[in-house]
Ligand SMILES: Nc1ncnc2c1ncn2[C@@H]1O[C@H](COP(=O)(O)OP(=O)(O)OP(=O)(O)O)[C@@H](O)[C@H]1O
Ligand SMILES: [Mg+2]
């Protein structure tokens, strides 16, 4: 799905989390929002997902105004920084949650739900953990379950907030490839937030560099490396 | 080398540990266990038949029924209000939040007798509203509605206070995740919020229930202590005791204590049965 962000701004009381920013994300792209802490990355992602409403501006999905759509109507697969797995449910029930939440008319049969959950567990290469609780998983496993849960609703786009934030370097590398693979097989438009420039440069087709609620530069990784548009970008990527 | 060399940093020396345990056990024995045993001993002083006979009296039976009814009405209502208040306070940002939290604690800082008097002043026959209610056949003071109001006021904080810290600690992320997965507000509440707080809710309800059955001050003022009508177990115990009917008084006291023990046993049983879930719902 093609996503367009048109002059979006967000104000939290007196703080401006986002000055008007605009950004077009082509269908099927893998985009990184890169920037230091407090630059407005999470805020922008939450606005896309419908968890936050912008103070001004519009969001367009495939050319249609989606600004007023509720979080449920957006059907965005959202992976939270802390994963936010339902702690009182097994992994199986976590992944099945979105399917069970559908209205009766479109809700798959029990057996069909089980089949899909099993398939997703295979996709994240953790076929045997369905009966476990989130507290019995490692950080990397939790992250993958969160991804499977988001994919289960057949989302129109994938939004990930620092998906590898709390993991050690080796696991990060593995999961990076995992996300790339899942993106390539599903073809979903994917936006992920990171403050790690290596991660952004290695993984993304397009990198959006943000600072203090503004977009500093939008470009392919190699272009941003070769031609930083502002002193901030030069400073940030050489760090 | 002695064991003490490898003592974990957070552990006390064996001597200190024994002294601390001793203090705790002694305190429990003197403050909790001994009085509880004394109640039962006094109740059974003239034999079990005498105790049972005192319970069979019309007034004692009416008091037990009234107290159970009051608890059965006010505890569920307070559970609903408590959940609503805690949910409102922890899931939304608004001005005056700190003030609202203080307000919830108010019943803890106001003496129950004062609370009872406030209800009498507001709804009693001497106030305009009270007079109107009495004229129309809905008396509040010296009747069941007043007792329920007084009980609910006194026990209001228990559920909310138990829930607020738990809900603050758990944050909003799981609810938000459920929303992104397509669940509506009610579904999120029933499938995510409520299961996550159910143990805290259970503790709150049990505490609320114990206090609701045991409340004396506010109920004494509001109910007028009419025997066989508005006298609850605690107020009846006091009246019997004043009349030197100590077997009857202590038997009723033993019943109240037993009711409290039943809730404790229920809680323990639930905990044993759901120990695995209890462990799983704690923060990773
Ligand atoms: N709910 C909120 N209420 C008030 N201010 C907020 C809120 N959420 C974000 N902000 C502010 O908006 C600005 C941008 O925050 P945001 O979370 O988008 O940053 P970020 O780029 O994701 O940072 P990080 O890398 O630390 O996660 C910050 O100054 C932050 O303090
Ligand atoms: Mg963030």
Q: Kindly list the number of the only condition in (1) within 14 Å of chain B (Cβ to nearest Cβ); (2) in contact with a helix residue (DSSP H, G or I) (Cβ under 6 Å, 6 or more places away or on another chain); (3) part of a loop (DSSP other than H, G, I, E, B); (4) away from ligand 2 (no atom under 16 Å from the Cβ) that fails for residue A:117.
A: (3)
Q. Which residue out of B:194, B:181 is within 14 Å of chain A (Cβ to nearest Cβ), at pLDDT 90 or above and under 18 Å from residue A:51 (Cα atoms)?
A. B:181
Q) Can you name the residue in the range A:93-114 that is assigned to a helix (DSSP H, G or I) and farther than 18 Å from residue B:175 by Cα and, of all such residues, is farthest from the other protein chains (Cβ to nearest Cβ)? A) A:111
Q: For residue A:66, state whether it is buried (at least 18 other Cβ atoms within 10 Å of the Cβ), more than 8 Å from ligand 1 (Cβ to nearest atom) and over 28 Å from residue A:199 (Cα atoms).
A: yes
Q) Among the residues of the range A:41-48, is there at least one that is farther than 23 Å from residue A:220 by Cα, modelled with pLDDT of 95 or more and within 10 Å of chain B (Cβ to nearest Cβ)? A) yes
Q: Could you run through the range B:1-46 and say how many residues are outside any helix (DSSP H, G or I) and over 26 Å from residue B:249 (Cα atoms)?
A: 9
Q) Would you say residue A:57 is within 14 Å of chain B (Cβ to nearest Cβ), in a strand (DSSP E or B) and either within 16 Å of ligand 1 (Cβ to nearest atom) or buried (at least 17 other Cβ atoms within 10 Å of the Cβ) (or both)? A) no
**Q.** Among the residues listed as A:78, A:86, the single one being touching a strand residue (DSSP E or B) at 6+ places or on another chain (Cβ under 7 Å) and either closer than 28 Å to residue A:194 by Cα or part of a strand (DSSP E or B) (or both)
**A.** A:78
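Every residue, every condition in (1) free of Cβ contacts under 8 Å to residues at least 24 places away in the same chain; (2) surrounded by 14 or more Cβ atoms within 10 Å (Cβ to Cβ); (3) more than 15 Å from the chain's Cα centre (by Cα), yes or no:
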| position | (1), (2), (3) |
| --- | --- |
| A:23 | no, yes, yes |
| A:41 | no, yes, no |
| A:62 | no, no, yes |
| A:78 | no, yes, no |
| A:86 | no, yes, yes |
(Q) Being closer than 30 Å to residue A:4 by Cα, within 14 Å of chain B (Cβ to nearest Cβ) and either assigned to a helix (DSSP H, G or I) or in contact with a strand residue (DSSP E or B) (Cβ under 6 Å, 6 or more places away or on another chain) (or both) is the requirement here; does residue A:67 meet it? (A) no
Q. For the subset of the range B:137-186 comprising residues that are assigned to a loop (DSSP other than H, G, I, E, B) and under 29 Å from the mean Cα position of the chain (by Cα), which member is surrounded by the most Cβ atoms within 10 Å (Cβ to Cβ)?
A. B:141
Q) Restricting attention to the range A:133-168, which residues are away from ligand 1 (no atom under 16 Å from the Cβ), facing another protein chain (nearest Cβ under 9 Å) and either assigned to a loop (DSSP other than H, G, I, E, B) or touching a strand residue (DSSP E or B) at 6+ places or on another chain (Cβ under 9 Å) (or both)? A) A:133, A:137, A:146, A:149, A:150, A:152, A:153, A:155
(Q) Could you tell me how many of the residues in the range B:47-61 are surrounded by 11 or more Cβ atoms within 10 Å (Cβ to Cβ) and either in a helix (DSSP H, G or I) or outside the structural domain of residue B:226 (by TED's automatic domain parsing) (or both)? (A) 8
(Q) Can you confirm whether residue A:196 is within 16 Å of ligand 1 (Cβ to nearest atom), away from chain B (no Cβ under 14 Å) and surrounded by fewer than 18 Cβ atoms within 10 Å (Cβ to Cβ)? (A) yes
Q) Do we find a residue being over 24 Å from residue A:95 (Cβ atoms) and touching a helix residue (DSSP H, G or I) at 6+ places or on another chain (Cβ under 9 Å) anywhere in the range A:139-155? A) no
Q. Is it the case that residue B:267 is at pLDDT below 90, more than 14 Å from chain A (Cβ to nearest Cβ), within 28 Å of residue B:35 (Cα to Cα) and not in a helix (DSSP H, G or I)?
A. no
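Rundown of residues vs (1) touching a residue at least 60 places away in the same chain (Cβ under 8 Å); (2) within 20 Å of the chain's Cα centre (by Cα); (3) crowded, with 18+ Cβ neighbours inside 10 Å, yes/no style:
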{"site": "A:94", "(1), (2), (3)": "no, yes, yes"}
{"site": "A:98", "(1), (2), (3)": "no, yes, yes"}
{"site": "A:103", "(1), (2), (3)": "no, no, no"}
{"site": "A:107", "(1), (2), (3)": "no, no, no"}
{"site": "A:110", "(1), (2), (3)": "no, no, no"}
{"site": "A:113", "(1), (2), (3)": "no, no, yes"}
{"site": "A:119", "(1), (2), (3)": "no, no, no"}
{"site": "A:130", "(1), (2), (3)": "no, no, yes"}
(Q) Are there helices (runs of 4 or more DSSP H) fully within the range B:97-136 with at least 2 residues that are farther than 22 Å from residue B:235 by Cα? List them. (A) B:97-109, B:128-135
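The values are calculated or read from the model by the stated rules, or taken from the named source; none is laboratory data. What you are looking at is a predicted structure, and each value in this text was computed from that prediction instead of being measured. A quick note on method: Cβ atoms are made from the backbone with ideal geometry, for glycine too, and the neighbour counts reach across all protein chains shown.
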